[in-house]
């Protein structure tokens, strides 16, 4: 799979965040989108994933359209269903995107070090626990593209180590695009796009 940006631009009100962006993301590669606060990293990621429409230009994939069933995303602005337990949430998510390797819900929760929170409502999770659950549903979904926006938000040192284990074990044969200003989140990326220079 390839995702190509063709003269992408986005403005809010009368202010352009970025313009004339041209880039091609290819399958099995990893990319970091970096830049100063306000440079449009998250906005660009949302455009690439099809959640936001660009003001100008277009996003073209190999099959001619963006297919959200091929995408998984982790982002601070995406909320979990807090009335559900972790088990209920993962079962619910599985209805839309199957999990890889036929992993059970308990195996997935153990993978992100949440085995004892299986029947706990998400509203009672700490911010770090919620982030681990977000990482679980994204990495374990059987998708070919993984979008990560500040993936280590609210994670402690142990959580960051867990994130790197997920990258090592579950990023093979996937296109990965990360938005971040923290190199600990994207140090493994093969290519980097600095929006501060656009």
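Coordinate-derived values only; no laboratory data. These figures come from a predicted structure and were not determined experimentally. Heads up, the Cβs are rebuilt from the backbone with ideal geometry, glycines too, and the neighbour counts pull from every protein chain shown.
Overview of values
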read-out: Residues satisfying the stated conditions in the range 79-102, i.e. part of a loop (DSSP other than H, G, I, E, B) and surrounded by fewer than 16 Cβ atoms within 10 Å (Cβ to Cβ); value: 79, 81, 82, 83, 95, 96, 98
read-out: Residue 12, sole failed condition from (1) out of contact with any helix residue (DSSP H, G or I) (no Cβ under 6 Å at 6 or more places or on another chain); (2) farther than 18 Å from residue 191 by Cβ; (3) surrounded by 13 or more Cβ atoms within 10 Å (Cβ to Cβ); value: (3)
read-out: Residues of the range 125-154 that turn out to be surrounded by fewer than 18 Cβ atoms within 10 Å (Cβ to Cβ) and assigned to a loop (DSSP other than H, G, I, E, B), as a count; value: 4
